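Contents: one structure, followed by commentary.
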Amino acid sequence: MRKLLLSVSDGRGFDIGLVSVPLAFLFAMAGLPLIYNIVMSFQEVDMFSLGTFARPFVGFKNYITLFSLPETWPILRNTAVFVIASIAGQFTIGFALALFFWTGFPGSSWLRGLFLVSWVMPGLVVGAIWNWILSGDFGVLNYILREVGLVSGNIFWRSDPDFSLWAVVIANIWLGISFNMILLSVGLSAISRDLYEAAELDGANVVQRFFTITLPMMRSTIGAIIALGLIFTLQQFDLFAAITAGGPNNSSNVAQYWAWDMSFRQYDFAQGATISVIMIVFVMIASVVYVRSTRHEVRG
Amino acid sequence: MSFALRDKVMLLVAVLLAAIYLFPLYWMYVTAIKTGSAMFASPPSFWPSDPQWGIYGFVWESRNVGRYLWNSLVIASGAVSLIVVLGTGCAYVLARYRNVWVDIGLFLILMLQVLPASLMITPIFVGFSQLGLLDYPRVAVVLAIAAKSMPFFVVLVRATFMSVPMELEEAALVDGNSRFGAFFHIVLPLARNGILVSAILIFMQAFGEFVYSKSMIQAIEYQPASVGLNSFMGPNTNEWNNIMAYAAMYVTPILAIFVLLQRRIVSGLTSGALK
């Protein structure tokens, strides 16, 4: 007993104690739910069997039912469009801003930090603000677009099925620009200035320097950021809840919102779990890419 | 001379870009003090001519904003305390050793970090209801948030511990400190700032958390401000000035912390996310 106490205060037991409690907690709160999720996706779950573990197993029935639903493929397509458009927008604008601030001028790092404000705001608040900006009749975005001459009539961003998904994409791009820009800035500042001086002496112009130095040197950073963008975009839930709630008629629904909607709006927990399992597989693939590219970063 | 001019032009463009980017935030604050008719005016006025400061007091009273914010504060503080107590030691051990087990542990932690809350809520909700945890909804949400955010905290704080020289701890051990004593008297004080910044980041995330609270807290008197804002925004609402006033009261404390600690938060974020 004394030996054990001594080990905990002054030996290996100290490290093991420090690391095992959090890992046990994480296993209980994240690992077990993950397993339970997979189990539930093979079970029949209704309001009556919710309280018991002894539910009938139904094999792949939930998966078969899921893919025979008429809305499944449109929602998966929406998810793909949402992810690709959001990442393309965030990354392009973020990279442009990072390059602009990288040129360096008085106040540049302070002003750059200001952009990160969107990262700390609650998602629901961001959603509420964009909901109001994108409002059809009185929205300020429609007013600006009309004044500039881009559109002639009001766009009903939230209620027009052709635009509802794009309403959330716009808000999500705004939200994601900041972390793309900050992380790309970190990557840019790690490139040695000597390389550019040498290239300049050799007569390379700005465009050539960008494609022969900046892009190749940033390769692993860009990989990590796109994987991280994929992870964050697949986590985006608050904006859907605050702007369109998946509507109208599922035109702006995506898988991560649909999974919640199945469980907590339609009380079909088995279908909710099934969608979750499919999406978690995608997220896992993205995170393996992310972890691999950050590994590369540390070694190189 | 031309350099000074270039700096000025760049600064001007940068301020302009920041203004465009932060326009939604400005629009929230402006809408929150407009009258009902000014809000729907066409063309919209970008500068409030007749500021209605009374809207804040009205919304605070009528929507019970104080109670919502208090619940957010309780949930966020609970989650952050749990994360700091459990996560700091974990991060320390993961920073101190470099072997296969640490690599595996880090990999698992990074994998847990990416699981979307809206996908994990289904099994968590069913499991918690079977355990009877949903009778204590705020505790249930604290546990769920802690599990969700701890990996991020561990990754950030691990980077801090990596920057504490191991020789200092070894010297303390040679001088007769126990591991316990060296950890609490030498290593922790040196890593204090990094832990504090990470805790603030986690706090701001937990303060705005929505999915878990929305799903697990049915009783309105325990709901945090994010859920309150969601129920305020009906499908056909036209009280946008009141909603924006609510949003402003919700987000201003967070913005104040951010502006005060901007430099530290930015450097803390960037050190953890890519390393």
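Every number here is computed from the coordinates shown, using simple stated rules; none is lab data. This is a predicted model, so every value here is computed, not measured. Note: ideal-geometry Cβ built from the backbone for every residue, glycine included; neighbour counts use all protein chains shown.
Annotation: amide H of A:GLN43 within the under-5 Å range of A:VAL58, sequence separation 5 or more or interchain, hydrogens built in the peptide plane. Residues in the stretch A:122-128 carry Karplus couplings, in order, of x, x, 5, 5, 4, x, 5 Hz; the curve used is 6.51 cos²θ - 1.76 cosθ + 1.60 with θ = phi - 60°, and Gly or Pro positions show x. Computed over neighbours whose Cβ is under 14 Å from that of B:VAL13, the net charge equals +2, Lys and Arg +1, Asp and Glu -1. At an R0 of 51 angstrom, the distance between the Cβ atoms of A:LEU145 and A:VAL58 translates into a FRET efficiency of 0.50. With R₀ set to 56 Å, the beta-carbon distance separating A:TYR267 from A:ASP202 gives a calculated FRET efficiency near 0.25.
Under the simplified labelling scheme, the B:SER178-B:ALA219 pair shows an inter-label distance of 4.2 nm, with each label point 7 Å from Cα along Cα→Cβ.
For A:ARG193, neighbours were defined as the other residues whose beta-carbon sits under 12 Å from its Cβ, and their charges (Lys and Arg +1, Asp and Glu -1) total -2. When you filter the chymotrypsin sites (Phe, Trp or Tyr not before Pro) in the stretch B:22-69 for DSSP loop state and at most 11 other Cβ atoms inside 10 Å of their Cβ, you are left with B:PHE46, B:TRP53. A dipole drawn for the protein assembly as shown from +1 and -1 charges on Cβ atoms has a positive end, and of B:LEU110, A:SER20, B:ALA172 the residue lying farthest that way is B:ALA172.
Considering only A:ASN172, A:ILE231, A:VAL140, the residue lying farthest towards the positive end of the dipole of the stretch A:132-232 is A:ILE231, judged by Cα position with unit charges set on Cβ. With contacts taken as Cα pairs under 8 Å at a separation of at least 6 residues, chain B carries a relative contact order of 32 percent. Each Lys or Arg adds one and each Asp or Glu takes one away; over the other residues whose Cβ falls under 10 Å from the Cβ of A:ASP46, this sums to -1. A Cβ-based charge dipole, computed about the Cα centre of the stretch B:64-229 with Lys and Arg at +1 and Asp and Glu at -1, lands at about 260 debye.
Toward the positive end of the charge dipole of the protein assembly as shown, with +1 on the Cβ of Lys and Arg and -1 on the Cβ of Asp and Glu, the farthest Cα among A:THR52, B:ASN236, B:MET150 is that of B:MET150. FRET efficiency for the A:ASP137 to A:LEU99 pair, using the beta carbon distance and R₀ = 35 Å, is estimated at 0.35.
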